[in-house]
């Protein structure tokens with residue numbers, strides 16, 4: 001008998017963040033995911049042509065293909081007069097590394113980066129600058145952690161903005 005994680009801990013109905021939402025959201029990748037991320041960041045409905053221009057898709061029909069795919073999955077809705085807009089937020093693909101607040105996509109690593117940066121500054125301000133092995137090890141580990149977390153944060157931000 002095989003027991004899946006989702007059968008034990010099902011996502012609550014009406015939840016904005018679902019794992020394995022209907023329509024197999026896991027197939028949202030590549031250019032379709034880039035279009036979805038773009039729509040998540042917009043605060044108004046956009047036409048297919050405008051989405052095509054702003055996401056550098058070669059033709060409006062190709063943009064419609066991606067939008068129809070997202071619409072079938074229930075991630076995007078179409079308003080006949082206004083255009084397309086993101087209907088709900090689903091954590092899939094690269095979006096699992098982001099916290100969505102309103103229309104902002106904030107990389108999760110930014111919280112770790114800010115915390116380790118503050119901890120490094122506090123360490124440098126509060127401790128004596130005596131070069132003991134413990135102080136040097138703490139400083140080296142914190143500097144390394146700060147660099148890694150800020151690098152990851154900036155990489156994810158760049159990906160969310162450009163899709164590459």
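Since every read-out is calculated from the coordinates, none of them should be taken as a lab result. Computed from a prediction, not measured in an experiment: that's the story for all the values here. So basically every Cβ, Gly included, is an ideal-geometry build from the backbone, and we count neighbours across all protein chains shown.
What list do you get for 141, 100, 76 if you sort them by fewest beta carbons within 10 Å? Before the final figure, lay out the partial values.
On the way: 141 12, 100 17, 76 23.
With the sparsest Cβ surroundings first, the list reads 141, 100, 76.
Given points 7 Å out from each Cα along the Cα-Cβ axis, report the residue 136 to residue 56 separation in nanometres with one decimal.
The modelled label-to-label distance comes out at 4.7 nm.
What nm value, rounded to one decimal, do you get for the distance between residue 122 and residue 89 when each label is placed 7 Å out toward the C-beta?
My value for the distance between the label points is 2.7 nm.
Taking the Cβ of each residue in 61, 155 as the centre, tally the other Cβ atoms inside 10 Å and list the residues starting with the fewest. Kindly include the intermediate steps, with their values, before the conclusion.
Values: 61 10, 155 13.
By the 10 Å Cβ count, ascending: 61, 155.
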